[in-house]
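The structure appears below as structure tokens.
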Amino acid sequence: MSYVILFIFLLPLKGLMKCFHKPTGRNLVIQTAKIGDFINITPLLRHLKTSDVLISASLKALATRDDTIDDIFYIEQHKSGLLKKIRLAFKLLNRYSNVYLLHPNSTNLFFAAICNAENKQFLSVYTRKWYQGIFYLTASGRIDHRRDTLSLEDYLKLADRRLTRDSEPKHATSPLWKAERVDALIPASDKLKIGISISAGNKAKTVPAAIWAHIISRLDSLPCVFYVFGPKNEQPYLDALLQHMADNHRITSLIGKLALEEVPYAISRMDCYMASDSGNIYIANAQQVPVVCFAGPCCMEEQRPLGEALIIRPQSIAPSSFVFSAPYRFEHTPEELFSLSTDDFENISDFVTKLSNRAVSNG
């Protein structure tokens, strides 16, 4: 509500400055969520050719290596303190011709609404509050996003209602940024390289170690090696996995060994990637690496890996985590959310077997 008051306070200045606004042809894209959500806006960035972005500072390593991005504003630097908010608002005011709002919380709505752009396209979502209506009055157009519509496609439609999920590819860095030291960490091999994210940014989406161990054991008959990805603070999750493994010679740890900007290239060297609904599964999907995604509590109708992807959903448990409403605690335990049936294990085995056979046929 404080952003509404600030917006009303600045309306006279906004109106006065509109008299001096001239078309600039510049784009501003606003999406301040984390890695997976950022990957899903890259088709829009690709379609727009070049844009400025208002994003989370956690994405700096990727955004600064993206040729579809020009100037970058980090929301963390501007949302604390009245003067910081006003300073950014004044900077954005007459800078753009097109504004695309993809993450419509009150902070982002304020910065999008204050702009005097000729074309302002806002996403409206199921968490919208009544008092945010004043911000939407400034929009030129609106896409009403639902839990059962694909977020990536709705992002694209902000730019052109004719666009679909197949209109533009995803990317993590553009072009793919290659760190030479990754080649030493992941040497060439005649075995199928499977990457796994042992945990997730939202720890409630972490696949239990015992289930990971069971998956790896079920793939014993295939020529696979497993690379475990994650930041340094996820070492305890790897330790828990190794305690469940009688033989861990096929597991290589990359925990804490990769900077974020190195992760896309490292994942591109995998033949398959397995994870819950987390940032790395979308990085893998952007690199066209086949993925196995464990849905857990997440709604796959709203956001999921596309293309060559096996989606494993829990049986008889309705989704409770959504793109714009993602809790950190759930009614069901991780063991229930990520429980795998006999059919699930067979589907995973079949999926990996096909990849293995393909690798053999390709030499």
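Under the convention that each Lys and Arg Cβ holds +1 and each Asp and Glu Cβ holds -1, the size of the dipole of the chain around its Cα centre is about 1700 debye. About its Cα centre, the dipole of the range 1-96 is roughly 320 debye, where the only charges are +1 on Lys and Arg Cβ and -1 on Asp and Glu Cβ. Could you state the angle between the C-alpha long axis of helix 209-218 and the longest principal axis of the C-alpha atoms of the chain, as a value from 0 to 90 degrees rounded to the nearest 10? For helix 209-218, the angle is close to 50 degrees.
About the centre of its Cα atoms, the range 180-361 shows a dipole size close to 280 debye [charges on the beta carbon of Lys, Arg (+1) and Asp, Glu (-1) only; nearest 20 debye].
Proximity of backbone amide H atoms, modeled 1.01 Å from N, is registered between Y273 and G195, V291, V292 at under 5 Å, excluding neighbours fewer than 5 places apart on the same chain.
Neighbour counting of Cβ atoms within 10 Å sorts the residues V4, V207, V29, fewest neighbours leading, into V4, V29, V207. Put in line by how crowded their Cβ is, counting other Cβ atoms within 10 Å and starting with the fewest, Y131, Y96, Y74 read Y131, Y74, Y96. DSSP bridge analysis restricted to the range 180-361 gives an antiparallel fraction near 5%, rounded to the nearest 5. For the chain, the longest principal axis of the C-alpha atoms and the axis of helix 342-361 are separated by about 90°. Under 1.5 on a/c is rounded, so check that first for the range 68-148, then, if it is not, pick prolate when a/b is larger than b/c and oblate when it is not; a ≥ b ≥ c are the square roots of the alpha carbon gyration tensor eigenvalues. Prolate shape, in that a/c is at least 1.5 and a/b is the bigger ratio.
Compute the FRET efficiency between E301 and F20 as 1/(1 + (r/R0)^6), taking r as their Cβ-Cβ distance and R0 = 30 Å, and round to the nearest 0.05. Efficiency computed from Cβ-Cβ geometry: 0.10. Full extension of the chain between K191 and F345 yields a length gain of 53.4 nm, computed as 0.36 nm times the residue separation minus the alpha carbon distance.
For the chain, the longest principal axis of the Cα atoms and the long axis of helix 2-18 meet at an angle of about 60 degrees. Using Stokes-Einstein with the Kirkwood hydrodynamic radius over Cα pairs, what translational diffusion coefficient do you get for the chain at 20 °C and a viscosity of 1.002 mPa s, in µm²/s rounded to a whole number? Stokes-Einstein gives a translational diffusion coefficient of 99 µm²/s. For the range 2-157, the square roots of the Cα gyration tensor eigenvalues, ordered a ≥ b ≥ c, give a/c below 1.5, which places it in the rounded category.
Each reported figure results from applying straightforward, stated rules to the coordinates on display, with no laboratory input. None of the values given here were measured: they were computed from a predicted structure. Reconstructed Cβ throughout: ideal geometry from the backbone, glycine too, with neighbour counts over all protein chains shown.
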